[in-house]
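The structure appears right after this line, and notes come after that.
What follows draws every value from the coordinates through simple rules; no lab data is involved. In this text the structure is predicted, and so the values were computed from the model without any measurement. Note that each Cβ is placed from the backbone with ideal geometry, even for glycine, and that neighbours are counted across all protein chains shown.
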Amino acid sequence: MNPITIFFRGIWDTFRLFRMWLLLFLLIFVLALTVAVPFANVMEASVGNSLELSKLLPQYDHTVWSDFMNAHGDKITGIFNQVRWMLPLFLLLYIFLSGGIVKSFDSISEGFSGRRFMSACTYYFWRFFRLFFWLMLIQGLLALLIYRGAFLALLGNDWGNLRSEDTLINAGKILIPIHLFLATFLAMVADYTKVRMVKNDTWWALPEFARSFEMCVRYFFRTYLPYLLDILLLVGIYALYLFVADKIGMAGKVAIGLMVAIQTLVMFFRLGTRLFALGSANRMYDAIQRKENPIEENNVVSDTLVAPVPVAADSGEEDDENDDFDEEDQQYNEREDIIDWSPYLDEQQP
């Protein structure tokens, strides 16, 4: 149950489900085009030949931005409204697909099945939807507790007590890392809850979330390290992308085409890191269950092979021998009562 080994096994399981990985990417890519293509058309029709955007390149200027929004704000607002309605759709799609993803990892030994994937998406949707609701509620209460508590402790619930912005900056340096750590921990607990609900086929999300929380606290290092490695892998992918993008640039058709290919590859592996996390969670949960519920072998079977004994045949031979012995013995017993042996003596003489 080495966390690093579990992390790499989660990656290997994801590559074993490469068909699922590719299917999810194509589905998300097609849905993203429904927003990206109208956005590109609007931008080209409205500000494609405008020089107002170039004025924002040296540094941000509020006046230039106000002029730009006054000229093209209606079209930009329409795009933002479309994105605002697409975000809940993407969120529901993610919840819907989560059931099929977790089920595919659970039945990875049987290979990927599109029919089983879609059946699991439908079967676990409402369970995972309730889990998402509880997770968002808990995340909101956590954020309220952290920042509201800091506001009460530092400013006494009154913004008038704020003397300098340095107070907020220094508080943010402490509170934001704490919040990110706890938020990622709760997200990890939600992943283990999904795995638990699929493996145990349970309906209620909150009790399973509580059990997963207790398990993740008890095995904190073993569960959180693979999740942290997954986050670091994602950060490394984006860092590598920024480095390559700075070297290639966007000058020329070849460079633009190459950057589009690299961005697509980054999106593909961004989805992959999410699958890596679920694959690792599935592996770690199985390892913890084997540790907590070992199989006791009460009967030890010897590896030595014993040749079969023909019991019936041996019994028959022994019975024949016993029958012969009984017959001779019976003749002997009969001769014990004989007084005159002369006939027998005559038989023995030649």
**OP:** When a/c is below 1.5 the answer is rounded, else prolate if a/b is larger than b/c, else oblate, so apply that to the stretch 76-144 with a ≥ b ≥ c taken from the square roots of the Cα gyration tensor eigenvalues.
**Re:** oblate
Subject >> Rounded, prolate or oblate (a/c below 1.5 giving rounded, otherwise prolate when a/b exceeds b/c) for the stretch 122-166 by Cα gyration tensor >> reply: prolate
Original post:
Taking the Cα centre of the stretch 120-185 as the origin, how large is its charge dipole in debye, to the nearest 20, when only Lys and Arg (+1) and Asp and Glu (-1) carry charge on their Cβ atoms?
Top reply: 300
**OP:** Please give, to one decimal in nm, the separation of the simple spin-label points placed at N200 and F29, each 7 Å out from Cα toward the Cβ.
**Re:** 3.9
Original post:
For the stretch 159-248, what number results from the quotient of the Cα radius of gyration and 2.2 N^0.38 Å?
Top reply: 1.55
